[in-house]
Amino acid sequence: MSETSLRRERSAELFAQAQVLLPGGVSSPVRAFKSVGGTPVFIAKGAGSHTWDEDCNEYIDFCCSWGPLALGHAHPKVVEAIQQAAALGTSFGTPHRDEVALARLVSELQPWAERVRFVSSGTEAVMSAVRLARGYTGRDLVVKFDGCYHGHADYMLVKAGSGLATSGQADSAGVPAGIAATTVVLPLDDEAALREFFAARGSEVAAVAVEPVPANCGLLLQRPDWLQTLRELTSEHGALLLFDEVISGFRLGPGGAASHFGIQPDLLTYGKVIGGGLPVGAYAGKAEIMSHVAPVGPVYQAGTLSGNPLAMAAGRAALEALRDGGWERLADRAEAWRARYEPVVAKYPVEMVQLGSIFWLAFQEPAPRSYGALGREGAARYAKVHAALLERGVYWAPSAFEVGFLCTEHSDEDLDRTAAALDEALQIAHED
Ligand SMILES: Cc1ncc(COP(=O)(O)O)c(C=O)c1O
């Protein structure tokens, strides 16, 4: 996929330097383009829905920093909020008024988030919420689902064991088997498996973590009934239900996936959009449960830069802009995109899966709902689609199993151009 007519000398040069200094040349693995081939582009700047790389090539960006940028790049209100905060000092290590303001906003938008603790990433949010669930319930076992990603805490980098109710196995070197054994991995979209597991081990479970809109292995949309069963079984067995809304939170609207499905979890985790493009994560939930977090309760969790004033200001500005018309605009863009891609994808053996401003191109019909149903064959075709789109100035995530994100700034013209480029890219990918 490295053939290109675009000038990429500067990106290539920087990548060569980066490979000597950073493992694989990157700060996070998927950025290295390993699964699509070719050299990653080094982005130099962004404005609205567009980015420019170091060689001055321009892209319509659908990665949006992997989700945080629901308002696009360098949104004026977010930039102004960061600048104003920075001029007053970058970090104090004391309580700060913008933590109060952002927590209030979060609780107003999602009233089930009665208390909020800020951290600096989605990983940290999930890691802390799981510790809280364990401290609260006095149980050790955690359940997750095949195909969901919850950041890279040891007990979340776990794959399914040999049987349904058996402990998980490490999915990364460096994760001790003993820690992986505290996690059980179940299949999505399988009510019988849920019931069977809970009947056998329900009383051991501290928390069941789920992406209510699984968006890390394609977009594996779940049936509301399945999520409802999960809610019922966790309540019945005294386990906490953790909705990991790091992607869906404040993207699918004020109440995220929990409100979309009308299901109240015990704990919520946030990241991405909540920080407006700065490093913010949060865990939140019922006051009674959150009161177990230090300093009021016995579950320890802390952070030097947690609630950082710049990050809080960015998050606040972003959520206010989304509240003041941003979500309506995102919904409008989602429909505008659907209208443009539908006639294109209808010509090929693919399906576009979409929920609001999140979308994913599945190279199989019907689109899968579980990891087990996910075909691997699409990856090679996606690599061709990705390269052809890049060539045409459209930036999609460099992996077949990552979703795309719309932002409020994607214009009709952006979407027209993208649909036309997608048509050509799909034609190229299906030439053989
Ligand atoms: C659902 C979900 N949870 C947790 C994380 C981890 O967040 P972070 O990358 O900010 O650590 C991610 C990251 O993509 C995610 O999608």
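Summary of values
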| read-out | value |
| --- | --- |
| Pairs, first under 20 Å from residue 402 (Cβ atoms) and of a type in the set (D, E, K, R) in the range 15-40, second at pLDDT 95 or above and crowded, with 18+ Cβ neighbours inside 10 Å, C-beta under 7 Å, six or more apart | 31/40 |
| Members of the range 4-14 found to be assigned to a helix (DSSP H, G or I), in contact (Cβ under 8 Å) with a residue 12 or more places away in the chain and not basic (Lys, Arg), listed by number | 9, 11, 12, 14 |
| Which listed residue, of 100, 41, is of a type in the set (A, V, I, L, M) and in the same structural domain as residue 121 (by TED's automatic domain parsing) | 100 |
| When residues of the range 226-246 are limited to those that are over 13 Å from residue 126 (Cβ atoms) and part of a loop (DSSP other than H, G, I, E, B), the one nearest to the ligand (Cβ to nearest atom) | 239 |
| The range 339-361 - residue that is part of a loop (DSSP other than H, G, I, E, B) and small (Gly, Ala, Ser) and, of those, farthest from residue 217 (Cα to Cα) | 346 |
| Checking residue 420 against (1) part of a helix (DSSP H, G or I); (2) within 26 Å of the chain's Cα centre (by Cα); (3) surrounded by fewer than 23 Cβ atoms within 10 Å (Cβ to Cβ), the condition it does not meet | (2) |
| Selection within the range 261-279 - within 11 Å of the ligand (Cβ to nearest atom) and either charged (D, E, K, R) or outside the structural domain of residue 98 (by TED's automatic domain parsing) (or both) | 272 |
| Residue tally, condition under 17 Å from residue 290 (Cβ atoms) and either of a type in the set (Ser, Thr, Tyr) or away from the ligand (no atom under 16 Å from the Cβ) (or both), over the range 114-126 | 3 |
| Flag for residue 218 being at pLDDT 95 or above, more than 26 Å from residue 401 (Cα to Cα) and in contact with a Pro (Cβ under 9 Å, 6 or more places away or on another chain) | no |
| From the options 258, 287, 282, residue that is within 13 Å of the ligand (Cβ to nearest atom), within 23 Å of residue 319 (Cβ to Cβ), touching a residue at least 40 places away in the same chain (Cβ under 8 Å) and among the hydrophobic types (A, V, I, L, M, F, W, C) | 282 |
| Which listed residue, of 345, 299, 293, is within 28 Å of residue 430 (Cβ to Cβ) and in contact (Cβ under 8 Å) with a residue 24 or more places away in the chain | 345 |
| Filter result (buried (at least 18 other Cβ atoms within 10 Å of the Cβ) and over 19 Å from residue 245 (Cβ atoms)) within the range 155-164 | 155, 157, 158, 160, 164 |
| Inter-residue pairs, beta-carbon under 6 Å, first under 19 Å from residue 280 (Cβ atoms) and in the range 55-80, second buried (at least 17 other Cβ atoms within 10 Å of the Cβ) and among the aromatic types (Phe, Trp, Tyr), 6+ apart | 63/395; 64/405; 67/405 |
| Any pair with Cβ under 7 angstrom, 6 or more apart, that starts in the range 195-218 at a residue that is not assigned by TED's automatic domain parsing to the domain that holds residue 167 and ends at one that is modelled with pLDDT of 95 or more and buried (at least 21 other Cβ atoms within 10 Å of the Cβ) | none |
| Some residue of the range 49-64 being in a helix (DSSP H, G or I), within 16 Å of the ligand (Cβ to nearest atom) and either among the aromatic types (Phe, Trp, Tyr) or crowded, with 18+ Cβ neighbours inside 10 Å (or both) | yes |
| Residue within the range 127-143 that is under 19 Å from residue 249 (Cα atoms), within 13 Å of the ligand (Cβ to nearest atom) and in contact with a Cys (Cβ under 9 Å, 6 or more places away or on another chain) present | no |
| Some residue of the range 172-181 being at positive phi, touching a residue at least 24 places away in the same chain (Cβ under 8 Å) and touching a helix residue (DSSP H, G or I) at 6+ places or on another chain (Cβ under 6 Å) | no |
| Qualifying residue in the range 148-156 (condition: within 16 Å of the ligand (Cβ to nearest atom), of a type outside the set (Lys, Arg) and at positive phi) | yes |
| Residue count, the range 247-265 (criterion: in a loop (DSSP other than H, G, I, E, B) and of a type in the set (Phe, Trp, Tyr)) | 1 |
| Looking only at the range 5-36, and only at residues there that are loosely packed, with under 11 Cβ neighbours inside 10 Å and within 22 Å of the chain's Cα centre (by Cα), the one that is nearest to residue 54 (Cα to Cα) | 27 |
| Residue tally, condition farther than 19 Å from residue 233 by Cβ and surrounded by 14 or more Cβ atoms within 10 Å (Cβ to Cβ), over the range 173-206 | 5 |
| Given (1) in a loop (DSSP other than H, G, I, E, B); (2) closer than 30 Å to residue 332 by Cα, number of the condition residue 305 does not satisfy | (2) |
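The values are calculated or read from the model by the stated rules, or taken from the named source; none is laboratory data. Being a predicted model, the structure only gives us computed values, none of them experimental. As a convention, Cβ positions derive from the backbone with ideal geometry for all residues, glycine included, and neighbour counts pool all protein chains shown.
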